[in-house]
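One structure below.
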Amino acid sequence: MGPAQEDRAALDRAVAHAWHWLDSVPGRRVPATGTADDAVARLGTDLPSRGRAGADVIDELAAAVEPGLMANASGRFFGWVMGASLPTALAADWLVSAWDQNAGMRDATPGVVAVEEVAATWLLRLLGLPPSAAVGFTTGATMANFTALAAARDRVLDRVGWDVAADGLSGAPRMRVLTGAEGHGSVELALRYLGLGVPEKVAVDDQGRLDVRDLAARLAGSTGPAIVCLQAGNIHSGSFDPFAAAVAVAREAGAWVHVDGAFGLWAAVAPGLAPLTAGLAEADSWATDAHKTLNTPYDGGIAIVADAEAVHRAMGVHASYLLHASTVDPLELVPEMSRRARGVPIWAALAGLGADGVRELVEGLVAAARALAEGIGRIPGADVLNDVVYTQVSVAFESDDRTRDVYRRLVAEGAIMPSASVWHGRSVIRFSVSSWRTGKAEVRDTVASVERAAAERVRRTTSVGE
Ligand SMILES: *Cc1c(COP(=O)(O)O)cnc(C)c1O
């Protein structure tokens, strides 16, 4: 074999392993069977002194990793908030790797930058956000939160005459940052990266929604630099903060409003969910993921900032900001200078689905979550703790021990996979419906799995008592 043929052999092996994996996903056990330690043992820790043929390396890789793969692309996977990959988006992602473009500069790699620009325009229209907003493609919502909050930090301090880019944060005017008490940990991480410390926690209601009266009380008389972080999609209840009222209160105090909508921002595409997202578009910035609700492969986050100049100033490398919307380089919109064209699979997902398809995808996830809640709610001892307004279902059984026991049985059986969590002081089994593959059959199988896991314990308890 010549070198070119050898390269091709490695790529062909990768395609074969990819097919093997993808074909197995719908029917396979959902949790990984092997551990990371097992995989390390198979791979071996000594770096070989001599290289080997690419095809052999790829075969060895696939064999070592296979038992440790979790089928999060399965329609019976409900763990964390993850989501599967639409085949069209995955195909585009393969091309992104093959093309290997550095998507940081518009003139250097115009092909993929154009695709990302089109995707950005489509996203703003779909989500009903200001058409002139800046859109940056980040690794995920954590970095999208970071990007948007960097723009927020710099802008609100700029308004009181403090230039963070020039003078840093030492000696800067005090800035207040407020979030709902059930804000996602990634917002706190982003604030930590930005030197803004731990945010003030605003009270929330029984569904985890921010209490606007508490926000108003905290901001009363406050006129200094401030950022209010709202949430679209609470991970336990799926609830949405009351945006219209919260934005009005924040505006009164001159605060910047940021929305973490990692999976919830997508509710904006479904007319039936309009009450959840009312006022959402009035915020100043938004963070979301494509790798969750939109079902693109990892990784794809999206940072959207209405004040485009603020994000260019925070993320750009230029000393002066001659702003012509058509000549903004992608590297001025995100923390990375060099990066893969991660907006391309997002474009492909949107192109493949069309606006109607995106709406149907989101409506399908919500319908599946409601059906799951209904089915599980009928199981003796099971209690659905949240109002199922979106994609999240949190279930508890009679006691924390019993909830954890049912969870362990579910994972041991492996036909489905939810998450174990704690919400409002109770152990819960949390189902996040995020996969385009979750349909009626998957919902039925999932309810049956939970029934089995719950009944198993009842049988055991009965026999112990007999
Ligand atoms: C997943 C999630 C994040 C973090 O997103 P990553 O893509 O993991 O960085 C932030 N907020 C919420 C509500 C999330 O569900």
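The values are calculated or read from the model by the stated rules, or taken from the named source; none is laboratory data. Being a predicted model, the structure only gives us computed values, none of them experimental. Glycine gets a Cβ as well: all are built from the backbone with ideal geometry, and neighbour counts include every protein chain shown. These accessible areas exclude ligands, DNA and RNA; they are computed on the full protein's heavy atoms, side chains included. Shrake-Rupley method; radii C 1.70, N 1.55, O 1.52, S 1.80 Å.
Table for the structure above
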read-out: Sole exception among (1) among the aromatic types (F, W, Y); (2) within 17 Å of R437 (Cβ to Cβ); (3) assigned by TED's automatic domain parsing to the domain that holds T327 for W94, by number; value: (2)
read-out: Test: residue in segment 187-198 that is within 16 Å of the ligand (Cβ to nearest atom), surrounded by fewer than 24 Cβ atoms within 10 Å (Cβ to Cβ), under 17 Å from the mean Cα position of the chain (by Cα) and in contact (Cβ under 8 Å) with a residue 24 or more places away in the chain; value: yes
read-out: Sole residue being under 26 Å from the mean Cα position of the chain (by Cα), part of a loop (DSSP other than H, G, I, E, B) and free of Cβ contacts under 8 Å to residues at least 12 places away in the same chain, chosen from G51, G27; value: G27
read-out: Any hit, segment 207-226, residues being in contact (Cβ under 8 Å) with a residue 60 or more places away in the chain, touching a helix residue (DSSP H, G or I) at 6+ places or on another chain (Cβ under 8 Å), under 25 Å from R153 (Cβ atoms) and crowded, with 24+ Cβ neighbours inside 10 Å; value: no
read-out: Close pairs (6 angstrom Cβ cut-off, 6 or more residues apart or separate chains): within 16 Å of the ligand (Cβ to nearest atom) in segment 70-95, of a type in the set (K, R) anywhere; value: V81/K292; G83/K292; A84/R437
read-out: In segment 121-152, the residues that are open to solvent by less than 10 Å² (accessible area, probe 1.4 Å), within 9 Å of the ligand (Cβ to nearest atom) and in a helix (DSSP H, G or I); value: A141, A144, N145
read-out: Residue match in segment 55-77 (condition: over 26 Å from F137 (Cβ atoms), open to solvent by 50 Å² or more (accessible area, probe 1.4 Å), assigned to a loop (DSSP other than H, G, I, E, B) and not aliphatic (A, V, I, L, M)); value: no
read-out: Qualifying positions in segment 44-54 - farther than 21 Å from L11 by Cβ and open to solvent by 70 Å² or more (accessible area, probe 1.4 Å); value: T45, D46, L47, P48, S49, R50
read-out: Selection from segment 294-321 of residues that are open to solvent by 10 Å² or more (accessible area, probe 1.4 Å) and within 16 Å of the ligand (Cβ to nearest atom); value: P297, Y298, D299
read-out: Among residues of segment 233-257, those that are in contact (Cβ under 8 Å) with a residue 60 or more places away in the chain, open to solvent by less than 10 Å² (accessible area, probe 1.4 Å) and away from the ligand (no atom under 16 Å from the Cβ), counted; value: 2
read-out: Selected residue [part of a strand (DSSP E or B) and away from the ligand (no atom under 16 Å from the Cβ)] from L157, L178, L169, L230; value: L178
read-out: Scan of segment 55-87 for residues that are within 31 Å of the chain's Cα centre (by Cα), under 19 Å from R13 (Cα atoms) and of a type in the set (V, I, T), ordered by number; value: I58, V65
read-out: Subset of segment 258-285 (residues that are more than 19 Å from M82 (Cα to Cα) and open to solvent by less than 10 Å² (accessible area, probe 1.4 Å)); value: H258, V259, A270, L280, A283, S285
